[in-house]
Structure formats: C-alpha cells, structure tokens
Amino acid sequence: FEFELGDRSLGHLPGQFAEISIPGIGEAPISISSPPVENNKFQMVIRNVGNVTNAIHSLSVGDSVGIRGPFGTSFPMNHLKGKNLIFITGGIGLVPARSAILYSLQHRDDYKDIAILFGCKDPSQRLFTDEIDQWRRRDDVILHETVDHKDGHEWDGNVGVITTLIPKIEEFDPKETCAIVVGPPVMYKYVIMSL
C-alpha cells in the first residue's frame, strides 16, 4: 500500500513503524517498508489478518486513514557508513528490512559490499519479486535466496534454511561488516551462530 500525507513527509528512519487507524474499528502497528524520502508518500505491506487490516484491504484509492508515528528503533544507517552490510531476512522480515536495503542502495557510495540473503517457507511466499530481480542484476550487490521446501512449486534456486546462504558470501572481515537480521525469532539463534 502507498500512503500520501497532506503536505509533509512522514519523517521516518529505516526500520520504524507507524500506527494506522480506521475510525470505529481500531488501530494497528505496521512496518514502513519504504526508505525515507523528501516527499509525502510512504509504503507499507499489510497482511489481511484482523479487523483493522481487513478494513484497510476494503478501502479504495483516495480513502483516508489515521496515521500516528513514526515509532520504534531504526536501523543505524549513519553509524554503518563505511562498513560491509549483510541483510539476512526471513519471511516477512524482508518488509522492515526493505526500508534499510533501499536506503543503502540509494546511498550506495556510503557502504562497502552489500549482501542480501532472503529466505522463506516456499516459493509462493516470496516478496518484492520484481525488486529482488533488480537487486540480483546489480553488479554492486550480492543476492542469494532460499526456500525451506519447494512443496510442488517450480523453483530452481537454493532449498534449505537461511543459514545455508551464509557460506555463499565471499569471506568478509567481521570488524568491517555489520549484519542486519530480521525474521522469525527461531531464526536468530542459528543465524548468529553461523555468522
């Protein structure tokens, strides 16, 4: 979904979220998936899983919603300047990480090597497929994808958990590299051990 504020930008940083409200129904926290911009538009990925999100999915172009925010801790993109970046995202963890990925690509000269590792349950769960294809074609980004299992879907890529992608990255200096890891809680322990 793309939202447009009246005459100002949201003023968010990569990784933050906002509260979206529908009068008479309620409010829900949603990750901002677009990078900070000077204009008055921003993007969110909203799954239809409850009363508020169902109401949002029922809206038409031009309808109004309430927006509060931004809230939450952001990725420290200024602190990461001059470092190698490894984005490790599982499932819908790509949604908040996308804001930081796009920010780092917009400011490409500020960072050394950039690697993006994305994993999901099966090929039908892949997100931002057009953008992932664009990232894959760039000569200044390393991108690897995996799925836990094919489950009858057509898939020629890696099959296995996200940690199977980490060895595919060329050697990197831990002192010069920062990992941004976003995904289901079960993933963190194994990603940290692998790193």
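The values are calculated or read from the model by the stated rules, or taken from the named source; none is laboratory data. Everything numeric here is computed off the predicted structure, so don't read it as measured data. Every residue, glycine among them, receives a Cβ derived from its backbone with ideal geometry; neighbour counts consider all protein chains shown. Note: areas computed on protein heavy atoms with side chains; ligands, DNA, RNA excluded. Shrake-Rupley method; radii C 1.70, N 1.55, O 1.52, S 1.80 Å.
Hey, could you check segment 134-163 for residues that are assigned to a helix (DSSP H, G or I) and open to solvent by 60 Å² or more (accessible area, probe 1.4 Å) and say which is nearest to Thr89 (Cα to Cα)?
By that ranking, first place goes to Arg136.
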All positions within segment 59-76 that are more than 16 Å from the chain's Cα centre (by Cα) and open to solvent by 70 Å² or more (accessible area, probe 1.4 Å):
Ser60, Val61, Gly62, Asp63, Ser64, Arg68, Phe71
In segment 98-110, is there at least one residue being among the β-branched types (Val, Ile, Thr) and in contact (Cβ under 8 Å) with a residue 40 or more places away in the chain?
no
Return the residue satisfying two criteria in turn: it lies in segment 164-178 and is assigned to a loop (DSSP other than H, G, I, E, B) and within 14 Å of Ile88 (Cβ to Cβ), and of such residues it is most open to solvent (accessible area, probe 1.4 Å).
Phe172
How many of the residues in segment 81-123 are among the aliphatic types (A, V, I, L, M), in contact with a Phe, Trp or Tyr (Cβ under 8 Å, 6 or more places away or on another chain) and open to solvent by 10 Å² or more (accessible area, probe 1.4 Å)?
1
Does Val181 satisfy being in contact (Cβ under 8 Å) with a residue 24 or more places away in the chain, among the aliphatic types (A, V, I, L, M), in contact with a helix residue (DSSP H, G or I) (Cβ under 8 Å, 6 or more places away or on another chain) and not in a helix (DSSP H, G or I)?
yes
Among the residues of segment 120-129, is there at least one that is assigned to a helix (DSSP H, G or I), modelled with pLDDT of 95 or more and either in contact with an Asp or Glu (Cβ under 9 Å, 6 or more places away or on another chain) or at positive phi (or both)?
no
Which one of the conditions (1) hydrophobic (A, V, I, L, M, F, W, C); (2) farther than 26 Å from Met187 by Cα; (3) modelled with pLDDT under 95 does Ile56 fail to meet, given that it meets all the rest?
(3)
Taking the condition of being crowded, with 18+ Cβ neighbours inside 10 Å, of a type outside the set (A, V, I, L, M) and free of Cβ contacts under 8 Å to residues at least 24 places away in the same chain, how many residues in segment 1-57 meet it?
0
